[in-house]
């Protein structure tokens, strides 16, 4: 075993980088060809306004490849992802896309049927015949049969594709697609042959063809992600069977895998990242869309949360785990903090597709009204509650309400619980304080630390309250703030002038805006625009006592923390 | 045409023109365009720390242009600004005040301060393209009317508006008159005499008045659209200064830069230059010399142990040059993109633990190229105390790129771990030295306030120009002294003097450092150029321990003669001598300690 490994390494160590680069380019080319195929196909079936560009198709094709490579779902997962991505980007209907997908698969299959026998015949393949179970003499017959199959398949395809109400797909386009498919398949054994050549292993063409397609077929088995393992074993096995040393076979296998799997994986990861970074601006979440722009990491995070919660609404086990991990402690703390008793009337704002907080409080005997502004989230929640009702006594005691937190009257509740994602936070909280009865307990969740990027942090001071509220830290990145509506509550419109909400620049939350009320007398500060009356926002506070970075008039300015703590700020309630 | 030579400084009779403006508005680019010189430019504040002088022709006038270090105001808060104020306080023929169309308000403030000095002035309104892209349009004519001086809108990096600028400058030179009779001048006069802070309302008023509705030109609109669509980019640039993911990105960027420097440098050396030199050039030279000159002293000097034609070519050109090129390529990328200040901000907290500012990390990074720009760059930031700390660290423990290249050549061939250990040692010494100097030197930390420049895509043409300038600089200031030193070494070696010196230094070299006797050579040569403390060791048969000891001594040994001169000029002779003693002492102490402890194990 050791000797074989050494032999494999010896083979690989003499690789020339130029040759490997060439191979990588060849692989990139064949990926590009597939992208071209898809572009043509989508253009063929496209109905409307959105232009289909090769680049955007390629990105989405590769995005699908990522799923293919990292999940054991083989082609299935990848193609499903592609259908989703194409649908989202080009606004095509699912049915049409599935039709296109079927056509694509069929064309590829037909091309494969063309390529394999022809390759077998060309490479004069007794060995291939033996290995693939095709009798050498029958090679010609297979070709003819394949061609017959092609014509039948194409005829059938035409029926399905050009039926009533479907787009007519010109025959020339199908022919071009087929040629491309043949080209793509033909590149497969070529890449393996080149890989063998540059690692200095001589393999008969027949063995190459057999190993390539044999291993490809094995790799499609949905056992491991991307057919890892099965592909390798298949290819090495076929190569060894054709009389090549184990070490050399391993070398060829590894190299070909680098070219045809790891390299595309890298490309597709890059494509997926690009896709994740490109926000379409179309709110797709079940939870309220946010008005504050954010970097793509946070948007990715928020979307992930939405998905997880939706899934929690459907899958009981996951719902249980999700609640236990993220919510149980927090709900208990809220229950304690708001001093709720059985029969208390509670309003949960921003309950989402799976109203965990509402359920948790209802189970403790509260009378819960769950409010969300997203209709779809509420429908999902209703479904989840109906399913839980027989087992969960609390589920029946929840009233679901579709309303906007800004317009709602909060009169008549003992407590209001505000979720983390409710936007715009200050305005909603102001509204609650304005309309709620005196002595209503308002509990809202605040992010801390890294979560501040994803959600907005609001301190009681920013609401124009003199009371600090009761603050409890939950887990690593959250805290609960409990406010009581004071008797002499000042409404939001007065705070800007009342001037009671002084804080220093370094006290702002990241991305929060404020108006400078006073600044130390440093010439550089004034020159950079940090003068009283100007509006600025905090970008970040550096760790280890490092500087504070604020954004003012389109500039980013770094300030010593000691200076930043001398700059007085009146926070703005609206972030712009 | 000759000027009135009001200043009396320019005895040639050329006009003296001062170029003044806020940091990073493009004064140096304008300077380069007007004079055809290559003053270093980068995308962060404080690139020009020493004022540069250049001669240019404007209209019929021969003019000496002075590129004044950038200042936001005329109220000396650091040495660069003090230089600027001092220059403005004596009479000159013309002041070109560079205003930033993007940040008009503070630019106008500075211009008003300049106008209050009663010198003939022309205002350049630069970066109008960036302003237009942001939807800011500035009415130059109105600005000119309000300020009472000529205003030329330009885009310095592309050269747009320079014809008009030339015209205006020539016009003003013909009729030199201090700015007067403007609408602003009256207010200005009283405001300037009483209180500079009183200028802010005026500046705001003027900036308000000249901001017109954006001209909806086709390009501007397209730009704006693309800007809006790329609003993600703005947030990414904010993300770069957030601890997460900024710190991770900083580590990645450093690693990438390091990879680029070492990979490219080593690649050029091993794959291109060394094969050419060793395979073709040296055999050719050796053959030619042996044919031309018989064996003897002269032949040995040319192609012997320290052969002028062999080592004098191999060391500076195949060994050091590749690293110089790759280093400046990497550093230009960082400089021009505007990433460096962001890096500095992230590291500020950490560096403050050893008495430094984040902005000094830029100086340290520059020091890894060459100690001199590293030391000079501290001028723009901070107090003398901080400058001294940075200068000490750079002189002591930061190898310049030439030396780094030599160290790689010496150590990496034996073991990569030696390289890692050496750099680890250098960081350790840097931290300790920082901690000690921080405690020892009196004074307080300066207060940091600086602007982060916009992130820009580096312009290939500018980078190429910079790279060429650096390479030319290296050839004249680095390679030539090195060749000369090799020549001296060859002479000393062949005449037998070196052996004598070796005997003289034997107790130190063989006894304390446990190196072979000929290792005295690098100690002598190293005074001239830093990398020469390392290069001669390449051809000696040394054990790994000896390699490490030699490299350690080389690393901490005397910074080259030019650096000592710079230190003397910047901080005084006493400091320079102190630094000399400190570095030499540290080098022998550490090297000896390692040698002696290593011998015990």
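The values are calculated or read from the model by the stated rules, or taken from the named source; none is laboratory data. Not measured: the values here are computed from a predicted model. No Cβ is skipped: glycine too gets one built from the backbone with ideal geometry, and neighbour counts run over all protein chains shown.
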Which one is surrounded by the most Cβ atoms within 10 Å (Cβ to Cβ) among residues in region A:83-93 that are touching a helix residue (DSSP H, G or I) at 6+ places or on another chain (Cβ under 7 Å) and touching a residue at least 24 places away in the same chain (Cβ under 8 Å)? A:86
Given the conditions (1) at pLDDT below 80; (2) under 30 Å from residue B:71 (Cβ atoms); (3) buried (at least 20 other Cβ atoms within 10 Å of the Cβ), and given that residue B:371 satisfies all but one, which numbered condition is not satisfied? (1)
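Determine whether residue A:530 is within 10 Å of another protein chain (Cβ to nearest Cβ) and in a loop (DSSP other than H, G, I, E, B).
Answer is yes for this residue.
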Please work out if residue B:419 is modelled with pLDDT of 85 or more, under 22 Å from residue B:70 (Cβ atoms) and assigned to a helix (DSSP H, G or I). no
Keeping to region B:245-273, report how many residues are closer than 30 Å to residue B:299 by Cβ and either within 14 Å of chain A (Cβ to nearest Cβ) or at pLDDT 85 or above (or both). 3
Could you pull out the residue among B:228, B:224, B:234, B:242 that is modelled with pLDDT under 85, within 14 Å of chain A (Cβ to nearest Cβ), touching a strand residue (DSSP E or B) at 6+ places or on another chain (Cβ under 6 Å) and over 18 Å from residue B:326 (Cα atoms)? B:242
Restricting attention to region B:160-209, report how many residues are at pLDDT 80 or above, more than 14 Å from chain A (Cβ to nearest Cβ), in contact with a helix residue (DSSP H, G or I) (Cβ under 9 Å, 6 or more places away or on another chain) and part of a helix (DSSP H, G or I). 5
Considering each of B:475, B:504, B:525 in turn, give the residue that is on the phi < 0 side of the Ramachandran plot and in contact (Cβ under 8 Å) with a residue 40 or more places away in the chain. B:525
Region A:509-526 - residue that is out of contact with any strand residue (DSSP E or B) (no Cβ under 9 Å at 6 or more places or on another chain) and at the interface with chain B (Cβ under 7 Å from one of its Cβ atoms) and, of those, surrounded by the most Cβ atoms within 10 Å (Cβ to Cβ): A:526
Identify the single condition in (1) surrounded by fewer than 21 Cβ atoms within 10 Å (Cβ to Cβ); (2) closer than 19 Å to residue B:107 by Cβ; (3) out of contact with any strand residue (DSSP E or B) (no Cβ under 9 Å at 6 or more places or on another chain) that residue A:544 does not satisfy, given that it satisfies every other one. (2)
So how many residues does region A:533-546 have that are facing chain B (nearest Cβ under 9 Å) and part of a strand (DSSP E or B)? 3
If a residue has to be facing chain B (nearest Cβ under 8 Å), modelled with pLDDT of 80 or more and not in a strand (DSSP E or B) to count, how many in region A:547-566 make the cut? 3
